[in-house]
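Structure first, then comments.
Bear in mind that the values in this text are calculations on the coordinates, not laboratory data. None of the values given here were measured: they were computed from a predicted structure. Cβ placement follows ideal geometry from the backbone for every residue including glycine, while neighbour counts extend to all protein chains displayed.
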Amino acid sequence: MSAEAPETGPQDAGSGRKLSRRTFLITTAATGGALTIALLLPRMRGKSARPGKPAEVGPWLTIDADSNVLLRVPMHESGNGAMTLAALLMAEELRADWSKVRAEPIELNRDARENNLYAAIDGKLSTFSGRSTTPDTLRTLRQVGASARERLKAAAAREWDVPVTEVEARDSVLTHVPTGRTLRYGEIAAAAASVKLDREPEVDAHRDLELLQGRAPGKLVDAQIVNGTSVYGIDVQVPGMVYGALMQSPVHGGRLKRYDFEAIRNMPGVIGVAVVDPDEPRKRLKTPINDGESHEQSTIAVVAEHYWQARQALEALPVEWDDGAGARWKTTEEMNAAVLGRLDRPGDKVEKEDGDALGVVQRSDRVVEATYLTPFSEQAPLEPLNATARVTDDKVEVWHGGSIQAQSFLIAAEESGRSFEQIHLHQTMLGGNFGRRNFADDLRLVVAVAKKFPGRAIKIIWSREEMFRQGRYRWLTAGRLRAALGKDGLPQAFHSRLCRTGYGTAGISNIAWTNGAIPNVRLENSDLPLHVLWGSCRAPGYNSYAFMAESFIDECAVAARIDPLEYRRKLLAGYRDPGWLKCLNEVALRAGWGEPLPKGQGRGIAISNWGNWVSKDLIAGTTAAVVAHVDVSRAGELRVLQLDIAFDCGRVFNRDAVEAQMQGGMLFGLNMALNEELNIANGRVVEGNFDTYPIRRAADTPRLRVHFGGLSGRDRFSEVGEPPVGPVGPAVANAIYAAVGKRIRSMPFRKHDLSWS
Amino acid sequence: MLINLRVNGKEHAVDVDPSTPLLWVLRDYLGMTGTKFGCGIAMCGACTVHLNGAATRSCRIPIEAAANAEILTIEGLSADGSHPLQRAWLELNVPQCGYCQAGMLMAAAALLKEKPQPTDEDIDAYVTNLCRCGTYVRVRAAIHEAAKKSGTSA
């Protein structure tokens, strides 16, 4: 176990945050300073494999006698294909027969019991979560596959007594090339488990996947999805399980005042009630998501034999709440006025100051100014929040479809107060995430309730109304943007002032316009903390900020009387990341920009980036450019006919999976822009279900066209789920302006009068 | 109250409050969790099953109204995942998170029985299920694909 491995891989090993690097660090500690890769495959258990029992070739994978490979991966399936891609990456290096590969999430309890076998379970976001293409994760996954492959080859060579260089691995078969002898992986796996290598194989983690060969394998879970056997959190069944329904303070931050259990005690199936008190002292750990989004709310839960009984009893339960400070917000308009009013004064913070934007604006006689507003919106994954928990003297078992395993694990540990070794997290599939399942706020409440019924497995399912009204929303943001146009019509200065009830500014702060394309830039921010809870929503705040920035640049182009595409091209002429211009040109070409349209129709364009801040030069992340083609009837009915997208995430492994994310991301951004808004009345969220919070259906789906010609080919595989969401809203708003001359400056667009004559 | 049900060709007797929605009887009493809960107000379609052959949102059907009816759920759409729609779904990699897809498949299956060669407009009118991941384009394509395969094999 002392074999040396290269200290740095083919890509940025500098970050200590990610899985492999952290594993390396642990290894360093475990071996007294000798850096080895062997801990990726520790504790080879050659002798332990009994006939018929799958041989564990290190903790990451097992191979059974029939060569079925089970891979353990640090991420699970939430719809973006990350788990399948992780398995593909491992199987690629393993040279495994893909048709015999299965995958399951790493078991964190084992990680805790076995000295952080895989990685420490701590507050780091990226270790056990939903992406498979971060550089260190890529490298780890491929290294695991390659290291296992070399052990299989070495075992076969030993068996045949031939040099290992004469052994080839392919499709889960080892071949002695000179003689043609073969061994299936399953026949040699147990022996491979005891192999010690002098050095671990080198891996080029960024090589294309040969396994794909132009094919587009579906997700490993797809067959179960279409026959109804896939298990989401809500589907978990535990023997003896009972059910719960719950209600949290309708005004966030309020407190339960009184309730009357006697009124429901004799209803069918009722077992009891449990109160969750947010003021009770709790263990606090560093968790990946720790901005308060997972914090407990004042809650009452009814537990019954069956779910419908619990729902009925909860509805019948007399409950009174002390609403707390949030109730002073009588209407949405009051809140909007508060964030908009804050724009009249300088921001609390200056996020960025390049040159003298204020001075240039003050001296200019060509100032463009516009104010924008985006409301609270809900991620609304289709699976309602839920979790299952059983708390006993020596064990806390939880079943949860969270999007970050470490978060679920740590929240269960926090709420139960137990040691890591006692926490058993059974990771399930997620019925959608979009940021909502990041927090494990649901799991926390379920553990809190289960603690009061020791020994009983309790599954609690949120009603859709409860979920809508107890969200972690895309927050309310107001923004005022100003620009001073030069003689050529291009902005000489860009000045933004945001007031938000959440955080972040990606979509304004990381874009080309504010990072070199415009010489003078000043970005100001103010925070207005409200009682309304907030969180990530298919990229935190990005869709709001991109809407503001890209609508505004369009307004500048209009003021300068320059075509909006041409205007952006001019601005991007010398920009350091040529991927922006490439995306813009690709999408414009494909969408037929400039081709004549009938009256009432228009095209709009927008471009943004999500993720480029990981690199100092901002040549990173994924840039996405969208052209929207809309039709507005005289009566003002808006139809989005077509959305084209071109993007640059560097490179792609699985084109089909990337296309799916682009399609879905565009529709998510479209719904957000056109439909989504939560209102507040007396501090409470008004909308509770899809009847008042419309989601577009198949009939409302425009032509969606995904173009790959924007790819720069740079050596990165950046995220593809969030980036398409940002530019859709502004592209549609800009298209509406092109069609009928009406400028949309707030979401949702459905509330605007678009009629024309 | 003891209620007799016929689900996927099999008889069940369930002791349940007659106002309990069919959805929760399927899920909690019969352990058939392929049919999903999404909204509870018959808006999203995740709970779609066939009731005497018609696509029906089971979250608002009291179990007493389903007694003695012929109920078909995703678990019974085919014995081995070989329904043309299931095959087309896999071929075109339709699912993302997959949560709405059982309801989509059940709605589409009822559509194909009624209109074996549906147009886009037929699909839009009939498959009104919500998908938050945005799989609609592929759902449409897969229904056409299944219709094509069924048409040529018939």
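Taking a ≥ b ≥ c as the square roots of the Cα gyration tensor eigenvalues, with a/c under 1.5 meaning rounded and otherwise prolate when a/b beats b/c, else oblate, which class fits the stretch B:78-154? Cα axes put the stretch B:78-154 in the oblate bin.
The stretch B:37-93 and the stretch A:429-461 have Cα centres lying 27 Å from one another.
Just for the stretch B:2-77, what percent of DSSP beta bridges are antiparallel, to the closest 5?
Values: 13 of 15 bridges.
That works out to approximately 85 percent antiparallel.
With a 10 Å cut-off around each Cβ of A:695-705, the average count of Cβ atoms from other chains is 6. Add -39500 (n - 2.57) for each DSSP H run of 4 or more in chain A, then divide by its residues: what number comes out at 222 nm, to the nearest 500 deg cm²/dmol? It comes out at -8500 deg cm²/dmol, rounded to the nearest 500. Of the cross-linked pairs A:124/A:451; B:36/B:148; A:100/A:616; A:286/A:616; A:286/A:349, those separated by over 31 Å at the C-alpha level are A:100/A:616. Could you work out the percent of alpha carbon pairs in chain B separated by over 28 Å, rounded to a whole number? Value for chain B (Cα pairs over 28 Å): 18 percent.
Whole number please: convex hull volume per residue of the Cα set in the stretch A:196-308, in Å³? Display every interim value, and only then the final one.
Working: hull volume 34.0 nm³, N = 113.
Dividing the Cα hull volume of the stretch A:196-308 by its residues yields 301 Å³.
Does anything in the stretch A:680-710 have its amide N under 17 Å from the 7 Å Cα→Cβ label point of residue A:331, and if so which residues? It comes to A:680-687, nothing else.
Couplings 3J(HN,Hα) for the stretch A:470-475, derived from phi with the Karplus relation 6.51 cos²θ - 1.76 cosθ + 1.60 (θ = phi - 60°), are 10, x, 10, 7, 4, 7 Hz, where x marks Gly and Pro. Only helices enter the 222 nm calculation for chain B: every DSSP H run of n ≥ 4 contributes -39,500 (n - 2.57), and dividing by all residues gives -10000 deg cm²/dmol, rounded to 500.
Shielding of B:19-28 by partners, i.e. mean partner chain Cβ atoms within 10 Å per residue? List each step's numbers first, then the result.
Values: counts 2, 7, 2, 0, 2, 7, 2, 0, 7, 9.
The shielding value for this peptide is 4.
Charges were assigned to the Cβ only: +1 to each Lys and Arg, -1 to each Asp and Glu. The resulting dipole of the stretch B:2-77 about its Cα centre is roughly 260 debye. For residue B:3, the amide hydrogen comes within under 5 Å of the amide hydrogens of B:14, B:15, B:16, counting only partners 5 or more places away or on other chains and with H modelled in the peptide plane. Going by a ≥ b ≥ c, the root eigenvalues of the Cα gyration tensor, does the stretch A:94-136 fall in the rounded group (a/c under 1.5), the prolate group (a/b larger than b/c) or the oblate group? Oblate, because a/c is 1.5 or more while a/b does not exceed b/c. Could you list which residues have their amide H under 5 Å from that of residue A:181, counting only those 5 or more apart in sequence or on another chain, with H placed in the peptide plane? Those qualifying (amide H under 5 Å, at least 5 residues apart or on another chain) are A:176. How tilted is helix B:101-114 with respect to the longest principal axis of chain B? Cα atoms for both, answer in degrees (0 to 90, nearest 10). Computed tilt is about 80 degrees.
Can you give the local net charge around residue A:688? Use residues other than it whose beta-carbon is closer than 11 angstrom to its beta-carbon, Lys and Arg +1, Asp and Glu -1. Working shown, then result.
Details: positive: A:464, A:469, A:684; negative: A:378, A:465, A:466, A:687, A:691.
That sum, taken over residues with Cβ under 11 Å, equals -2.
Which FRET efficiency, nearest 0.05, do residue A:753 and residue A:261 yield, Cβ-Cβ r, R0 51 Å?
Numbers: r = 51 Å, r/R0 = 1.00.
Efficiency computed from Cβ-Cβ geometry: 0.50.
In this structure the amide hydrogen of residue A:534, modeled in the peptide plane, comes within under 5 Å of the amide hydrogens of A:473, none closer than 5 places in sequence on its chain.
Which of the three applies to chain A, rounded, prolate or oblate, going by the alpha-carbon gyration tensor with a ≥ b ≥ c and a/c under 1.5 meaning rounded?
oblate
Scalar couplings 3J(HN,Hα) for the stretch A:274-286, obtained by applying the Karplus form with A = 6.51, B = -1.76, C = 1.60 to θ = phi - 60°, are 9, 10, 9, 9, x, 8, 5, x, 9, 5, 10, 10, 7 Hz; x denotes Gly and Pro.
Sequence-ordered 3J(HN,Hα) estimates for the stretch B:82-91 from the Karplus curve with 6.51, -1.76 and 1.60 and θ = phi - 60° stand at 9, 4, x, 5, 4, 5, 5, 4, 6, 4 Hz, glycine and proline given as x.
Look at where the Cα atoms of the stretch A:148-195 and of the stretch A:689-739 average out, and the two centres are 48 Å apart. One chain, two ends: residue A:196 and residue A:743. Fully extended at 0.36 nm per residue, the span grows by 190.2 nm beyond their Cα-Cα distance.
How big is D, in µm² s⁻¹, for the stretch B:1-55 by Stokes-Einstein at 20 °C and 1.002 mPa s if Rh is the Kirkwood radius over C-alpha pairs? Could the numbers behind the result be given before it?
On the way: Rh = 11.9 Å.
Diffusion coefficient, whole number: 180 µm²/s.
Please sort A:606-617, A:524-535 by packing, taking for each peptide the average over its residues of neighbouring beta carbons within 10 angstrom, highest first.
Working: A:606-617: 21.7, A:524-535: 20.0.
Order by mean packing, descending: A:606-617, A:524-535.
Which helices pass in chain A if a helix is a full DSSP H run, must span at least 27 angstrom along its long axis by Cα, and must have mean Kyte-Doolittle hydropathy not below 0.0? Helices meeting the span and hydropathy rule in chain A are A:655-675.
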